[in-house]
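Novice: Pasting in a structure now, in structure tokens, and then I'll have a few things to ask.
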Ligand code: HEM
């Protein structure tokens, strides 16, 4: 019997998008763990001031925080200026009412997904929202940083940080906003991972592997 191809292969994610995706995943994971600890430093007794647990965890938080800030800037740049327009093309779907209806219907097992870019409209809007959350968590993080480290980058950011702190109602609020934004990430990650696996099963393609290999495989109808 002759072998017949049953899947079509599409190249959807460039190496930059894949590498930045996993760098972001790693930094968000580390930032949530260390962030929870910074918010509630339960390991150090009040009398033992020379134990640097908090200092080391804050150090890790800041390293990964700068990592996330760099990736966030790079991703904003790539979204607008990458030679590969597969992400930008999704904007056409966001503006099309019929794309929204076909996405929502397909989630209820009615009909097929029909989209111009790689993301569905609801997915695209969610990614834009989480990118804005990322921007704000980086800004509030840098403001907190400038308040702890007054030299180098901290010093350079001091004036703008003082202005942002005043707009947010004081340093305590900057911290609370930074903390609440963390919950947006926690909720996003749970739904994002669930939807990635679910949509691979629902639409018979390899959605999770494609962010590793760059290729999507669609089952031929
Ligand atoms: C997903 C990203 C992030 C999460 C989930 C996160 C989470 C947190 C949390 C929960 C806290 C403790 C706030 C509190 O007192 O309740 C914190 C503090 C802090 N974060 Fe973040 N953060 C993130 C990104 C960043 C970024 C991008 C920076 C920038 C470099 C940053 C810098 C800081 C600093 C300097 C503090 C204060 C540490 C201290 O006062 O000891 N964070 N973060």
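Novice: Looking for whichever is in contact with a helix residue (DSSP H, G or I) (Cβ under 8 Å, 6 or more places away or on another chain), part of a helix (DSSP H, G or I) and away from the ligand (no atom under 11 Å from the Cβ) here; the options are 38, 23. Which one fits? Full working, then the answer.
Specialist: Values: 38 fails: away from the ligand (no atom under 11 Å from the Cβ).
The unique qualifying residue is 23.
Novice: Same structure, new question: Please specify each residue of the stretch 185-196 satisfying the condition of being more than 9 Å from the ligand (Cβ to nearest atom) and in contact with a helix residue (DSSP H, G or I) (Cβ under 9 Å, 6 or more places away or on another chain).
Specialist: Just the residues of the stretch 185-196 that are more than 9 Å from the ligand (Cβ to nearest atom), to begin with: 187-196.
Result: 188, 189, 191, 192, 193, 195, 196.
Novice: Go through the residues of the stretch 173-195 one by one and say whether even a single one is under 24 Å from residue 15 (Cβ atoms) and in contact with a strand residue (DSSP E or B) (Cβ under 9 Å, 6 or more places away or on another chain).
Specialist: no
Here, each number is a calculation from the coordinates, and none is a lab measurement. Note that the coordinates shown come from a computational prediction; the quantities given were computed from them, not determined experimentally. Quick reminder, even Gly has a Cβ in these numbers, built from the backbone with ideal geometry, and neighbours come from all protein chains shown.
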